[in-house]
Amino acid sequence: MKRREASTYNKHPESEAADTPTDDRITGWRGRLHRVFVQPFVSSPHPPWFDARGVAIGLAISLGCPVGAQMMTLGVMRLIVRFNILIAFAVSWVMNPFTFVPIYYGYYRLGSVLLHRPEVMTLEAFRSLIAPLMAGAHFWETFRSFVALGWEFVLRWAAGAVVVTPIATILGYAAGYYLQQQRCKRRARKLGVSYGRLVRDMEMKRGARRAVDTERSGSSESV
């Protein structure tokens, strides 16, 4: 039985092409959105936990960092923790120009309740207050605009973010793991191998890629 399973598996050397559609047929802006936000999930060669970690970190950075600092924080995290950075980047866009104001206003109201402070701003007043954050051309300009909103605002924002971010991160990890696990199970059935065998193979390939990256970085440092 193991011999038959191995022979069936070896007929499909391509890790993801067998069961995931490519974006070659999707052109224009839809193709770009597909490549950034869909393809990292459906074409990931990594085990479910690795992708789920990317979802969790993407949500943590997006919801827990002041606007403008997400990409810098994501780059720093990539040097410390191993995760699917393409998925983390896609998920980090949960904070975007359309959701930015509602999420931050929710932080403001939640923080006001947690700190027993009266809410003094309506949504429209809040939108006008944080407009400079959206106009920032680079990180430091945006960060200065954020700090300039005042200690009272920053404190309420932080209180709301501290509550929401861990919950969203845990739920994001669970959802990401489940979705990627189901994708791997479907692929395993299509390839005619067990789910455990497929995940072990993904782990081995991930370890091999990591070893190659380490060797390359060591060679570049010696030069």
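The values are calculated or read from the model by the stated rules, or taken from the named source; none is laboratory data. Please read these numbers as outputs of a predicted model, since none were measured by experiment. Backbone-built Cβ (ideal geometry, glycine too); neighbour counts: all protein chains shown.
The table below lists the values:
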item	result
Members of the range 79-124 that are closer than 24 Å to Val55 by Cβ, assigned to a helix (DSSP H, G or I) and hydroxyl-bearing (Ser, Thr, Tyr)	Ser92, Tyr104, Tyr107
Checklist (1) among the aliphatic types (A, V, I, L, M); (2) within 24 Å of Ala88 (Cβ to Cβ); (3) in contact (Cβ under 8 Å) with a residue 40 or more places away in the chain applied to Ala159, failing item	(2)
Which listed residue is surrounded by fewer than 13 Cβ atoms within 10 Å (Cβ to Cβ), modelled with pLDDT of 90 or more and not aromatic (Phe, Trp, Tyr), from Leu74, Leu79	Leu79
Boolean, Thr142 is buried (at least 16 other Cβ atoms within 10 Å of the Cβ), at pLDDT below 90 and β-branched (Val, Ile, Thr)	yes
